[in-house]
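Notes follow once the structure below has been shown.
What follows is calculated from the coordinates using simple rules that are stated; it is not laboratory data. If you're wondering where the values come from, they're calculated on a predicted model, not measured in any experiment. Because the Cβ atoms are built from the backbone with ideal geometry, glycine has one as well, and the counts that use them run over all protein chains shown.
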Amino acid sequence: MDDIIEIKNLNKFYGKKHALQNVNLSIGQGMFGLLGKNGAGKTTLMKTLATLLPKKDGEIIICGIPIENVKEIRKIIGYLPQEFSLYPSMSVGEVMNYLGILCGLSAAERKERTEMLLQKVNLTEHRNKKVKTLSGGMKHRLGIAQALLNNPRVLIVDEPTAGLDPEERVRFRNSLSEIAQDRIVILSTHIVGDIEAACEDIAILNEGKVLYNGTVEGLLCAAQGKVFAKAVEKAKLPQLKRELMITGMHTQGKEVHVRFLSESGDDNAQACEPNIEDAYMLYLRESGAYMPLSDQGSGGEI
Ligand code: ADP
């Protein structure tokens with residue numbers, strides 16, 4: 001049976017709120033990134049795939065199994081929610097053993113899978129530590145390890161990098177990339193850099209609609225020739241923010257170096273190679289979903 005998730009014409013309502021609007025996606029093996037601002041519908045989609053929320057209409061087939069077959073779907077899915085609280089007074093090893101029992105694994109299977117998974121997420125040397133003493137990143141990695149106990153064909157990870165320091169984020173992403181070598185991993189985030197570093201195929205969700213579905217490379221290609229940079233006096237920045245779509249800036253002495261989107265640049269600007277943040281913002285703008293930088297606080301560093 002092929003490792004593929006097919007989502008067709010999916011809608012989801014919370015009362016009158018149309019949280020997912022006619023979503024169509026096809027997700028194959030490897031790491032798939034679901035990108036979107038807060039409120040875009042990412043968690044709703046993840047929870048629907050994990051059978052934690054019922055769908056209104058449309059069709060979802062996961063590895064050949066219709067989503068209505070909840071019992072079979074749960075056998076092949078591992079889910080790591082945004083808010084994941086483990087058992088603070090248990091050790092890492094005890095948590096894995098306990099959850100392994102709940103999964104129905106034998107003692108031998110629990111031992112073997114715990115060893116293999118703790119190694120995979122770099123927690124072997126911490127197996128005797130109590131959960132409450134782990135860093136945020138370690139807890140997330142333990143979350144991944146427990147979600148893999150039943151060796152699922154699909155792993156769904158919702159917004160994992162919130163609250164992680166940069167080093168922990170990189171470790172976490174690396175663990176996921178390795179895990180995605182032989183299964184489907186869906187990673188949802190609002191952090192554009194996480195997607196660029198880890199995913200080949202992505203979807204951008206905005207207000208419940210899929211704005212883009214394709215490769216990271218395809219997204220970058222669409223932004224070729226539309227990204228420029230120039231240095232301006234600090235005093236001119238407020239005006240510039242109104243005139244240009246700025247995707248990044250950093251201050252150097254009395255000047256600010258800004259990176260912006262434009263069809264043609266201007267005399268003082270240099271063309272730049274687009275990064276995924278540029279491409280993402282361009283996509284939002286072209287779909288009418290862009291919020292001007294002056295309304296968002298400061299822009300990112302170049
Ligand atoms: P994301 O994960 O991208 O931040 P969500 O899926 O959590 O987005 O939310 C999508 C939209 O649905 C948001 O407008 C949110 O306010 C709304 N929403 C989410 N959960 C509920 C709920 N239980 N009841 C009502 N509205 C909800």
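Things worth noting here:
- Distance between the stretch 1-32 and the stretch 258-280 - C-alpha centres, whole angstrom: 33 Å
- Helix-only CD estimate at 222 nm, as mean residue ellipticity for the chain, using -39500 (n - 2.57) per DSSP H run (n ≥ 4): -9500 deg cm²/dmol
- Over the stretch 223-296, relative contact order from alpha-carbon pairs under 8 Å, at least 6 apart, %: 41 percent
- As a ratio to 2.2 N^0.38 Å, the alpha-carbon radius of gyration for the stretch 105-207 is 1.11.
- Of H18, L123, L80, farthest towards positive along the dipole that unit charges on Lys, Arg, Asp, Glu beta carbons give the stretch 1-148: H18
- Alpha-carbon centroid distance for the pair the stretch 117-158 / the stretch 77-108, whole angstrom: 9 Å
- Extension gain from E115 to A222, taking 0.36 nm per residue of separation minus the Cα-Cα distance: 34.1 nm
- Hits among lysines - C-alpha to C-alpha of K12 under 16 Å, sequence gap 8 or more where chains match: K42, K47, K55, K56, K209
- Added length on full extension, which subtracts the Cα-Cα distance from 0.36 nm per residue, S262 to Q82: 61.2 nm
- Toward the positive end of the charge dipole of the chain, with +1 on the Cβ of Lys and Arg and -1 on the Cβ of Asp and Glu, the farthest Cα among T48, I202, V95 is that of V95.
- Förster radius 35 Å - calculated FRET efficiency between S287 and K234 (Cβ-Cβ, nearest 0.05): 0.65
- Along its three principal directions, the equivalent ellipsoid of the chain from the Cα gyration tensor extends over semi-axes of 39, 24, 16 Å, largest first.
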